[in-house]
Every structure is written in C-alpha cells, then in structure tokens.
1. Can you tell me how many residues in the range 613-670 are touching a residue at least 24 places away in the same chain (Cβ under 8 Å) and either over 17 Å from Arg224 (Cβ atoms) or among the acidic types (Asp, Glu) (or both)?
2. Mind listing just one residue for me: the one in the range 454-489 that is surrounded by fewer than 20 Cβ atoms within 10 Å (Cβ to Cβ) and among the polar types (S, T, N, Q) and, of those, farthest from Met431 (Cα to Cα)?
3. Considering only residues that are under 14 Å from the mean Cα position of the chain (by Cα) and charged (D, E, K, R), look in the range 630-661 and name the one that is nearest to Ser554 (Cα to Cα).
4. Residues in the range 289-308: is at least one in contact with a strand residue (DSSP E or B) (Cβ under 8 Å, 6 or more places away or on another chain), in a strand (DSSP E or B) and not hydrophobic (A, V, I, L, M, F, W, C)?
5. Among the listed residues Ser296, Ser273, identify the single one that is over 23 Å from Ala330 (Cα atoms), assigned by TED's automatic domain parsing to the domain that holds Glu494 and among the small types (Gly, Ala, Ser).
6. Name every residue in the range 607-630 that is of a type in the set (A, V, I, L, M, F, W, C) and within 10 Å of Trp533 (Cα to Cα), in order of residue number.
7. Given (1) in a loop (DSSP other than H, G, I, E, B); (2) more than 24 Å from the chain's Cα centre (by Cα); (3) modelled with pLDDT of 80 or more, identify the lone condition not met by Gly576.
Amino acid sequence: MMIVRASSRLKSTNPAFITPVSATQSLLNAVVLKPISHFPLPDLSMRRAALFALRSARRSALRKIITKSSSSSFAGPNHVIASSANVHTSSLIRKYSTSRPPFQSPMRVPRIPLLFVGSLGAIGAWYAYRGDGPDHLLKAQPSSVSPQLTRSSSTAADTASPTAGSADQVPVAAGHEPNRKALVVDNDQFFTGSIVGEGPLAKDTDDYGRKVLEMMTPEQATERLRKNEQSFLVGRGRGVVRYDMVQLPSNDPIEDDHAEKIVEVPNTVAATSDNAASSDWMFWGVFDGHSGWTTSAKLRQVLISFAARELNRTYKAALSDAKSPFPSPAAIDAALKSAFVKLDNEICLDSVSKLSKNPSKRLAAEILAPALSGSCALLSFYDSQSKTLRVACTGDSRAVLGRRNPSTGKWFATPLSEDQTGSNPNEEARMRAEHPGEDFVIRAGRVLGNLEPTRAFGDAFYKWSRETQERLKKNFFGRTPHNLLKTPPYVTAEPVVTSTSIEPARGDFLVMATDGLWEMLTNEEVVGLVGQWIEQQNSLASNNKQGDSANSTSAWLTSWFKSSNSSNSLPVEKGGNMDKTGRIDNSHNQANANVKNGDKDAGPAEKPIRQQQWDAPSASSRFVVEDKNCATHLVRNALGGKDKDMVCALLTLPSPYSRRYRDDLTVQVIFFGEAEHADGRVLVNEEASAVVKKDSATGDGLKAKL
C-alpha cells in the first residue's frame, strides 16, 4: 500500500474525515472515526501509541527518540518501539528523507526504522476506489503483523497497477493472510512496512493528490524491468556480435529516447582496404530529453540520418584521391559535428523562419515543440572498415568502454565522453570566453542559473534573441525571456567527438546511458557488472551444450571471457571514474589526483548521488545476476540489486513522485567481437527481448541502406 501526499496540508470535504497533518494520519483518522461493527476497534491506548510513533517520526529530534528506545530488548539502537495491549507483534518500517541540500533530491539520509501504525494491517481498513473518492471502508478480520524490517529506496518508474477489489469481499480468516509490502510516501519522506490480509488494493484520486498503492512484488518488479528490453544478435562478421538495450521511465511519458541503425555502405561510397564490396556503418544513440519529450523524439527520428548524409559526403569526397581514398580523422569528426549543428539549426532556426512565412498557431504548435523542450544526445559511430569507434557527445549522457586485461582476467573502464554541464570547469571556461563580461553566464553550475547541460538540442530560450522570443510570445506562445539574456546563443548542440580503436578479438564492449544510470553507479561498477554478467552467461552456456552452437544465442561468447576472479568482487580493475566535476579522471590513484594537479575543483570520485541519497552500501556483494539482457542487468543493480525491497520500492513510486528519487533510464550495451558463423543477418535475441517482432524470422535485420 502506498500513500502519496502532494501538499503539506490536506483538507477533506468528507465529514467522516478530520483535516489531517499527514496522509498517513488521514488513513489512521479514517479508521478511528468510521468504525465498522464487524471487528472491534483498538482501545484508546493503542491509538495513542500508534499516533505517538507516527508523530515522533516526523520530529527533528529523531536521534533522541532512538536513544530513549534503546533499552528495549527487542529493538537495537536503530529502532523505535511503541507497544499496545492489543498488538501482539510489531511491523517495522524504514524512513527516508529528501531534505538535504544541495541536491534537488537530497542525498545523505539516515535510515531509521520506525513502527508502522501497529493496527493498520490488523484493522484492515482500505480506501476503496469507486470513482468518487474513499467514501467507505471495507471489512476485514484483525490479525497480528509479523515483525519485518524492510529497506526502501528511491527511484521508480511506472505506477504499479492496482487490482480492483469487491466491496463485498468475504473476510479472510485470521492467521491466513498473505504477507504484503506497504509503501507510504509523505512529502519528502517515505516508509516501508508489512501489511496482511486480502483487502482490495485501492486508489484514491481525490483533489488532494493522495494515492494508495500496494508495493509491487519481486515478480512484478522483474516484469516492469523487462517490459522494454530488446536484444539483437549481429551475424554480420564485421566487429559487432550483439547489442542490448532497455528503458525504464520515471517521467510520464518518458522523456528519454534511443535509436540504433546498421547501414551497409557500398565501396562506391566508402573505400575498403580488402576490396570488399561493402562495409558497415553502425550507429547507436541515446537521447536524454528535458522539459518534455518532443526534442528527444525528433532526434530518434532523424539524427542518425543527418549523420549518415554528412558522412556519405565526406567518404565520397575522399574517393577522388586514388592514393588515399579514406577521409582523414579530422574530416570525419567535422562531418559528425556538422550533422548535429545542422539538425539543431533546423529545430531552432528554420522553424521560426517557416512561421514567418506562414503565421499559423497550428503550425507553430507542431514545429516549435522540439525547440521549446530540449535534449542531450550521445551518438556512437562504428566504421567496420577502420574498426574505429567515434562517440559524439552533446550534454551529460555518458559512454564508457570496457576492455579486458588478459593477464588478470579483469576489465578496465575507459570513459569516452565527459559530462558537459555548468559544473565542468572546461565547459565553464568555454562559456565565459564566449560571453565575456557576463558574470552569471554560469551560476550555481547552470547556464544563466537555470539549465544544467551546457550543450543540448532545442532549448531555444537559450538560443533565440530577446526580440525573437518576445515576437513568438506575442503572436503564438512562449515565455518571457530570461532577465539575464544578453548575447545568445548560450547553449550549443555541437558535440565533442572522441575516437577509439576497437579490438573486436579482445571482446571490447561499450555502455551508453543517459545520466540517470550514472547517478546510481560509477563507471567502474558498470564495467564490472557487465564483466560479471558475461562470466555468468559463459557459465550457463558451458553447462548447456545442446543444440547447434552456431544458432545458439550464446554463440557470440568466447571461451577466454572466463576470468580467474573467484571472489564475490566485481571483475574490474580500479580506475576509469569521473571526478566531482564530471571530468575524466585518468589517474589510477584518484585520491591523490587533486593534490598532484593542484586543482581545487577536482577530487576523488564520490559515491554517485543516488547511492548517497539511499545510503546504499559500497560493497560489490550487493549486486546480483538475474537477467538475460545485459542492459536490464545494469538497471536492476542500479536500483538495488540483491536488495529486492529496495528495487520494489523504487519501482512502486508513481510519476511524478518518482522523479524526486531517480531520472528516466535508457541503457545500451554493445558487444564487439568476431562472429564465428557470419551469415549477414541481424536477429532478435528472443530470450532477452520483451517483444519479438513477427518478421524477425525472416532474418532481414538490416536497418537501412544508402
């Protein structure tokens, strides 16, 4: 069960309710004030004990209360116990708060188990959703609640769907009720506990923003995690053997997006060194939208096509030189940058030009939407001929390469992009050089004090002139220009491009993800988790030798993937993380990096901010391998791994409340390698995909051709 309150004060028009101080007290008051004759109400001392425990949980002097309760033989120093003559056992609940600056969702939070209202589950009072709010209570038999300590954390995707219950449901006999989880969210705190009985799940949709939900089960959590997963087996024989992806929304609708495309390029467009008839260009992109989903959707539709056109021109131009028919690295980088800038100009500038020729509000609503919202973009381009991977980054999504050390059997993380935000000194220096004399061009780590990424598509309010913005607001719609707007554009879509030589024979892999993942896991942990997953898949494949290995979904694995790592730690070497500013820290001894460089801003990597918020343990023993899709594996462990209560709590939180605790998640994992049996096809990996397309059996896996 979950109670969510939108404001600090709730007012009820139902005479059966008192105006409560909190949503949890609202439920308790409902129980007290509207008795049901089929079961006895708790006595006065029980009610007072329950209210005391609840109100004590909301006071600032929590530690004093804990100290006073430490004498209880049942509870340790971290428990608060309230007893009653009618309560046989207690349900313990853990509390989390989000009140610590400087983060929007504060990070370092003490986990303090509290007594859930002792009679809540026993009384069996439930809100019933009839379309007109909670106007009555349902009947249930009282029963004791077993003491259970649960962990809750903070990052959810979609709302768990409640199942309807009948108001005339037959009560369940005491002692036979299934044990179920409850999640109570009240402003910046939420709690977990246990409930019993088979009372109907209910959903309060009154005017005060309250919702009542039961915390989903581990099975439901797994179903939610795997809902949008996809996996493809690449039998092209050109350096890539598989790629996995998954999305998990927090916003509704999700503001992230993604795109993948394999383009077969004839040698009349791009030269080949072995006189082959063609080569492959492979693209993967993740797009982290903000202030809406329209910009990221636009990027999904056209960014790869823009990049392919610019690369097509560049490669064809190089063919004219018979001595060196391959374009220079600088020319390829310039082509990718040009594609990004041209698309952003179409979004922000060409749209305004079209409106000036055809001033229609209907047209404005259609073509201005991608300009009014914004999106970061991370695009990877792999050329199978040169075996070069280029990563073009605009914003704060991140790409990390994993490469195995054959002597140790462990992997090493290499960041291929930097987080482009106002907190990055490199980006701040660039912005101040482009806008001299504007002291507030970066304020509190944000552009003009508002926008965190310094590079993004859309976000036209940081690119249009003041005159343009005022004209659009007057004639169509928009908002008042920023009072610090002087010399736009402040934000650019031009990416930073990095190049890396890939060694498919060594089994390199690439992880691309929006910043939601990197708020939860370090680069080192992500690479170690993929390495752990690979070892598990190899172990499973070696135990199942039935069938033709050429057609097996594990055929892409290689025997030397097995590492000598026998401990519970992740198979990853130290290093490859980011410093506090989002820059790449190339020092293996990160603790001494800031001293060595004399940089006051840089420093050793801290726990990701969500790990601080949840007070998650740093030990790698918290991780688990349960998924066939590697991207889903990363998301599961980002949300809590072995701690199923944490995972379930985060997935139960509905939008928009979930956004306080995590962002949308989009993750792609690309595996490089040499396919033993190249048949030219790209097939859906059914065991790691949620939805299998009907035409996947045809084997027509190519996404496009020039």
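The values are calculated or read from the model by the stated rules, or taken from the named source; none is laboratory data. Only a predicted model underlies this, so the values are computations on that prediction, with no experimental measurement involved. No Cβ is skipped: glycine too gets one built from the backbone with ideal geometry, and neighbour counts run over all protein chains shown.
1. Of the range 613-670, the ones touching a residue at least 24 places away in the same chain (Cβ under 8 Å) are 613-616, 620-621, 623, 625-640, 643-670.
Now narrow it down to the ones that are either over 17 Å from Arg224 (Cβ atoms) or among the acidic types (Asp, Glu) (or both): 613-616, 620-621, 623, 625-627, 630, 643, 645, 656, 660, 663-664, 668-670.
Counting residues in the range 613-670 that are touching a residue at least 24 places away in the same chain (Cβ under 8 Å) and either over 17 Å from Arg224 (Cβ atoms) or among the acidic types (Asp, Glu) (or both) gives 20.
2. Asn475
3. Per the stated criteria, the residue is Arg636.
4. So far as the range 289-308 goes, yes, one or more of its residues are in contact with a strand residue (DSSP E or B) (Cβ under 8 Å, 6 or more places away or on another chain), in a strand (DSSP E or B) and not hydrophobic (A, V, I, L, M, F, W, C).
5. Details: Ser273 fails: over 23 Å from Ala330 (Cα atoms).
Answer to the selection: Ser296.
6. The first filter runs over the range 607-630 and keeps only residues of a type in the set (A, V, I, L, M, F, W, C), leaving 609, 614, 616, 619, 623-625, 630.
Val624, Val625, Cys630 - these are the residues of the range 607-630 that are of a type in the set (A, V, I, L, M, F, W, C) and within 10 Å of Trp533 (Cα to Cα).
7. (2)
Yes/no per residue for (1) assigned to a loop (DSSP other than H, G, I, E, B); (2) modelled with pLDDT under 80; (3) in contact with a Phe, Trp or Tyr (Cβ under 8 Å, 6 or more places away or on another chain); (4) closer than 17 Å to Leu517 by Cα:
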position	(1), (2), (3), (4)
Lys607	yes, no, no, yes
Ala616	yes, yes, no, yes
Lys642	yes, no, yes, no
Pro654	yes, no, no, no
